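The values are calculated or read from the model by the stated rules, or taken from the named source; none is laboratory data. Fair warning: this is a prediction, and the values are worked out from it, not measured in the lab. Here the Cβ positions follow ideal geometry from the backbone for every residue, glycine too, while neighbour counts run over all protein chains shown. Ligands, DNA and RNA are excluded from the accessible area calculation, which covers all protein heavy atoms including side chains. Shrake-Rupley method; radii C 1.70, N 1.55, O 1.52, S 1.80 Å.
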Amino acid sequence: MGILVLLTTALLLRRNGLALGVFSGLLVLTLLWSLWECGLDFWALTPRLNVVGVLGILMILPITTRALSFAFPYQRLVLGATLGVGMIVFAGSMLYDPHDISGKLDLSTETPADAAGKDWAAWGGTGAGDHYSGLNQITPDNVHRLKLAWQFQTGDLRRPTDSGEVTYESTPLKIGNTLYACSPHQIVYAIDASTGKLNWKFDPQAVSLPQFQHLTCRGVAYHETRLR
């Protein structure tokens, strides 16, 4: 690939239209390699194809081709067709998720009344994800009398090695008398729901680097196993 890039550059400097044909070959090889390595995976194809795709588009623009001399008349057409195939593959990868795992979740035993009668065991209340709560202690008539019962500080603050975006996005779960939540560094906290006191926490020592796009924890999952 390096040799093809250097050859394309040399031909462009000589204003030789053969540069488009050479770059078309580079695009074809890149596309075949990308599909072989990661298939129709949009997020994996993006870093493999975006740079060479943009360079190909710049090369086929009239402002570039007007400055070139063409010994073969179809080189622009070949590059255009190659870019078109690449765009079709790229668009197709947006419609296909190779990591999707189909399955069926049995929600027949769950009803809206069960969603949060006493517990909030999933991000959406239950596995149905309906965000419905059957609690009726707080009403439009008494909401103005609510007061702060307790507050909890995780102490998990942004560190010098973190990325620029560090956020709290966790929806706590409540099971029994315990709230479960997590902080940006993936630390899990079990908090007494009545007092706000920490019962325990678990720090997985997650790696955080400045080049990461963001650092957050959007929630935890709960599973209970009863031994017989």
_Probe radius 1.4 Å, ligands and nucleic acids ignored: give me the carbon and sulfur share of the accessible area of the chain as a rounded percent._
62 percent
*asked:* Helix-only estimate, please: 222 nm mean residue ellipticity of the chain, summing -39500 (n - 2.57) across DSSP H runs of length 4 or more and dividing by its residues, to the nearest 500.
replied: -11000 deg cm²/dmol
*asked:* At a threshold of 8 angstrom on Cα-Cα distance, excluding pairs fewer than six apart, so keeping six or more, what relative contact order does the chain reach in percent?
replied: 14 percent
*Determine the per residue accessible area of the chain with all protein chains present and a 1.4 angstrom probe, expressed in square angstrom.*
70 Å²
*asked:* What whole-number distance in Å separates the alpha-carbon centres of the stretch 34-98 and the stretch 172-228?
replied: 44 Å
*Assuming 1.306 mPa s and 10 °C, estimate D for the stretch 38-182 with Stokes-Einstein, Rh taken as the Kirkwood radius over Cα pairs, in µm²/s.*
72 µm²/s
*For the stretch 26-34, what does the Karplus curve 6.51 cos²θ - 1.76 cosθ + 1.60, with θ = phi - 60°, yield as ³J(HN,Hα) per residue in whole Hz, taken in order and with x for Gly and Pro?*
4, 5, 4, 5, 5, 5, 5, 4, 5
*0 to 90° range, to nearest 10: angle between helix 42-60 axis and the chain longest Cα axis*: 30 degrees
*the stretch 1-98: C-alpha gyration tensor shape, a/c 1.5 cut-off, then a/b vs b/c*: prolate
*Among ALA81, LEU40, CYS182, whose Cα sits farthest toward the positive end of the charge dipole of the chain (+1 at Cβ of Lys/Arg, -1 at Cβ of Asp/Glu, about the Cα centre)?*
ALA81
*Rounded to whole Hz, the Karplus (6.51, -1.76, 1.60) HN-Hα couplings of the stretch 211-222, x for glycine and proline*: 7, 5, 5, 7, 9, 7, 10, 8, x, 10, 10, 10
*Estimated D of the stretch 149-225 in µm² per second, where Rh is the Kirkwood radius over Cα pairs and Stokes-Einstein applies at 4 °C, 1.567 mPa s*: 98 µm²/s
*Using θ = phi - 60° and the Karplus relation 6.51 cos²θ - 1.76 cosθ + 1.60, list the HN-Hα couplings for the stretch 157-172 in order, rounded to whole Hz, with x at every Gly or Pro.*
10, 5, 10, x, 8, 7, 6, x, 10, 10, 9, 9, 9, 7, 9, x
_Just to be sure I understand: with springs between alpha-carbon atoms less than 10 Å apart, which residue in LEU45, LEU18, LEU148 has the highest mean-square fluctuation in the Gaussian network model of the chain?_
LEU148
*Neighbourhood net charge (14 Å Cβ-Cβ; Lys/Arg +1, Asp/Glu -1) for ILE60*: +2
